[in-house]
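Some notes on the structure that comes next.
The values are calculated or read from the model by the stated rules, or taken from the named source; none is laboratory data. Since we're looking at a predicted model, the values are computed, not measured. Neighbour counts run over all protein chains shown; Cβ positions are idealised from the backbone, glycine included. Calculation scope for accessible area: heavy atoms of the full protein, side chains included, ligands and nucleic acids excluded. Shrake-Rupley method; radii C 1.70, N 1.55, O 1.52, S 1.80 Å.
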Amino acid sequence: MMTANNSCLPVEVRTAVYRRALAQGYINACKTLGITVSATLDELQMTIALELEGFYVRRHGTEAGMEMACTMLGDMVEPDLLTAPPRLTRLGATMMDELFCSQLAATRRATLH
């Protein structure tokens, strides 16, 4: 899903915004589902940076890897993040589940009465 970079913001700034929105969206989703998140916002962001962004940088080099990571993070949060509270897309929920113990998926599969 690589798209041309038409932003006036450097990739590092865009990535940081998406990273924070993704972490906050995860916290929001967990709160809505009654799940307690044991990590802080900063700890979630650090894990996202090390695991998701780090994967692309290690595999594709700094410049291309950061662009790819930024695109991926952008695909993981709803596009209205500047006007609404951050929310995860289906991809975002799936990836965050992989990073943080499948808490969202387990709760979604539970039958509510």
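For the range 11-106, carbon and sulfur atoms together expose 56% of the accessible surface, with a 1.4 angstrom probe and every protein chain in place. Packing, as the average of other Cβ atoms within 10 Å across residues, places the peptides 57-65, 92-100, 27-35, 41-49 in the order 92-100, 41-49, 27-35, 57-65, highest first. Summed over the residues of the range 11-106 and divided among them, the accessible surface reaches 54 Å² per residue at a probe radius of 1.4 Å.
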